[in-house]
Amino acid sequence: MRVLSDLFKNNQAWAAEITKRDPEFFQRLSKQQAPQYLWIGCSDSRMPANQIVGLAPGEMFVHRNVANVVVHTDLNCLAVIQFAVDVLHVQHIIVCGHYGCGGVLAALRGEKLGLIDNWLRHVQDSRERHGALLDSLKTETERHDRLCELNVVEQVVHVSRTTIVQDAWTRGQALSVHGWIYELRDGLLRDLDICITRPNEIAPLYQSAVTRLKGK
Ligand code: CO
C-alpha cells in the first residue's frame with residue numbers, strides 16, 4: 001500500500017476488535033440491515049453520526065450534507081429518505097444540526113465561497129424568514145446559534161412535507177420526525193422539542209418551536 005496505510009491498519013484493528021467481542025458480527029450484518037433510525041446530519045467531521053448516539057454498524061441509516069439541509073428537489077436526499085421509509089421501514093427520522101456550523105455561519109454572513117453559496121442559499125432563506133428574530137439578538141454568536149437551531153426546525157418541516165413521509169402517514173405507518181442539535185463543546189445533544197408524528201402536527205409544532213426559540 002503506497003498511501004494512507006494508517007487508515008487500513010486502523011480498519012484491521014477495528015474489525016478485529018469487533019470480531020473478538022462478537023465472532024459472527026460481520027457475517028450476520030452482511031446478510032441484512034434493519035436500522036430503526038434515519039439520521040440526517042451535517043457533513044462536519046466533528047459530527048460522526050453513529051458515535052454520538054452510541055449505535056453500532058447496522059443500527060442507523062445515514063445521510064449527511066453541508067448544514068443538514070433537506071431540499072424538496074434533492075434527488076440524493078429524497079432517495080435516502082424513500083429507501084429508509086419504504087424499504088427499511090425506519091420508525092424515526094432525526095434531523096440533527098450542530099452549533100458552530102460553518103455552513104450556517106457562511107449563510108448568516110452572506111460569504112462568497114463558490115458553488116456552495118447556491119446550496120447555502122436555502123439556509124439564507126431561513127435567515128430571511130426569521131430576520132426579525134435574528135436581528136433582535138445582540139451578538140453574532142447568538143445569531144449563529146439561533147440560526148443553527150432554526151435551520152433544523154425548518155428541515156424537520158421539509159422532511160415531514162415530502163411525499164414519502166406524507167404517504168407513509170396516509171398508510172398508517174408509524175414514523176416520527178425529530179429535530180435535534182449537537183453541541184461541539186460538550187459532545188451533548190439537545191432536543192429542539194419538535195417531534196412530528198402526523199400531518200396535522202406540522203404547523204402547530206413548527207410554530208411552538210419557533211416561539212420557544214424567540215423567547216430564548
Ligand atoms: Co455543519
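The values are calculated or read from the model by the stated rules, or taken from the named source; none is laboratory data. Since this is a predicted model, take the numbers as computed values, not measurements. Backbone-built Cβ (ideal geometry, glycine too); neighbour counts: all protein chains shown. SASA here: full protein model, heavy atoms, side chains in, ligands and nucleic acids out. Shrake-Rupley method; radii C 1.70, N 1.55, O 1.52, S 1.80 Å.
Which of the residues that make up the stretch 152-176 are of a type in the set (Gly, Ala, Ser) and assigned to a helix (DSSP H, G or I)? Even if it seems obvious, please write down each step before you answer.
From the stretch 152-176, those of a type in the set (Gly, Ala, Ser) are 160, 168, 172, 174, 176; that's our starting set.
Correct list: Ser160, Ala168.
Select from the stretch 35-47 the residues that are away from the ligand (no atom under 13 Å from the Cβ) and open to solvent by 40 Å² or more (accessible area, probe 1.4 Å) and list them in ascending order.
Of everything in the stretch 35-47, those that are away from the ligand (no atom under 13 Å from the Cβ) and open to solvent by 40 Å² or more (accessible area, probe 1.4 Å) turn out to be Gln36, Tyr37.
Among the residues making up the stretch 185-215, those that are touching an Asp or Glu at 6+ places or on another chain (Cβ under 8 Å) and touching a residue at least 24 places away in the same chain (Cβ under 8 Å) are Leu189, Leu192, Ala209, Leu213. A single member of Arg28, Arg46 is farther than 30 Å from Asp135 by Cβ and of a type outside the set (A, V, I, L, M, F, W, C), and it is Arg28.
The residues of the stretch 114-135 that are surrounded by 14 or more Cβ atoms within 10 Å (Cβ to Cβ) and aliphatic (A, V, I, L, M), listed by number, are Ile116, Leu120, Val123, Leu133, Leu134. For the stretch 63-100, the set of residues classified as among the charged types (D, E, K, R) and more than 15 Å from the ligand (Cβ to nearest atom) consists of Asp74, Asp86, listed by residue number. Only one entry in Arg28, Arg64 is over 19 Å from His144 (Cβ atoms), of a type in the set (Lys, Arg) and touching a strand residue (DSSP E or B) at 6+ places or on another chain (Cβ under 7 Å), namely Arg64.
Here's the yes/no breakdown for (1) under 15 Å from the mean Cα position of the chain (by Cα); (2) open to solvent by less than 50 Å² (accessible area, probe 1.4 Å):
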{"position": "Thr170", "(1), (2)": "no, no"}
{"position": "Gln173", "(1), (2)": "no, yes"}
{"position": "Glu183", "(1), (2)": "yes, yes"}
{"position": "Ala203", "(1), (2)": "no, no"}
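Take Gly179 and decide whether it is within 19 Å of the chain's Cα centre (by Cα), surrounded by fewer than 18 Cβ atoms within 10 Å (Cβ to Cβ) and touching a residue at least 24 places away in the same chain (Cβ under 8 Å). No: the conditions fail for Gly179.
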